[in-house]
Amino acid sequence: MPIRVLMKEIEKAVELSSWEKETLQNTGNIRWQSNMHFTSVDYVRAGFLIKKKRTWTITPEGEEALKLGPEKLRDIAWKRYKRGIVLKNMLIQRNRFPIQTRRMTLLKRH
């Protein structure tokens with residue numbers, strides 16, 4: 001669904017507080033929309049959502065995860081997001097250290 005359509009549908013379906021509807025001074029964005037964009041990264045990394053060319057699509061796994069309820073869905077998405085960061089950092093470290101070790105070994109030989 002195009003993001004603009006999604007935002008309008010959410011505004012119709014969800015009763016938002018005046019605080020959530022406020023415009024943020026530093027960006028000019030509406031608070032709830034800004035928060036939604038920011039937290040959507042967790043759901044993308046968890047494999048529940050695909051964002052491509054301003055269109056958001058829920059995955060089959062995301063459809064199944066919706067049945068768990070909002071708190072459980074959020075918790076799973078956050079844990080998967082954090083696990084992805086840890087794995088990425090581990091891969092970066094693994095790829096960096098062998099290269100440095102080989103360079104150091106080559107330098108010692110010459």
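The values are calculated or read from the model by the stated rules, or taken from the named source; none is laboratory data. All values derive from a computational prediction rather than experimental measurement. Here the Cβ is made from the backbone with ideal geometry for all residues, glycine too, and neighbour counts use every protein chain on show.
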Query raised in the report: Do we have Leu91 as among the aliphatic types (A, V, I, L, M), farther than 23 Å from Ile3 by Cα and at pLDDT 75 or above here?
Result: no
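Can you pull out the residues in the stretch 20-39 that are among the hydrophobic types (A, V, I, L, M, F, W, C) and either under 22 Å from Thr55 (Cα atoms) or in a strand (DSSP E or B) (or both)?
Step one: filter the stretch 20-39 for residues among the hydrophobic types (A, V, I, L, M, F, W, C), giving 24, 30, 32, 36, 38.
Hits for the stretch 20-39 are Ile30, Trp32, Met36, Phe38.
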Report summary line: Here the qualifying pairs (Cβ atoms under 6 Å; residues six or more apart or on different chains; first in the stretch 72-85 and in contact (Cβ under 8 Å) with a residue 40 or more places away in the chain and part of a helix (DSSP H, G or I); second of a type in the set (Asp, Glu) and surrounded by 14 or more Cβ atoms within 10 Å (Cβ to Cβ)) come out as Tyr81/Asp42
Query raised in the report: What is the residue count in the stretch 40-63 for residues that are surrounded by 12 or more Cβ atoms within 10 Å (Cβ to Cβ), free of Cβ contacts under 8 Å to residues at least 12 places away in the same chain and not in a strand (DSSP E or B)?
Result: 1
Query raised in the report: How many residues, within the stretch 1-19, are in contact with a strand residue (DSSP E or B) (Cβ under 8 Å, 6 or more places away or on another chain) and in a helix (DSSP H, G or I)?
Result: 2
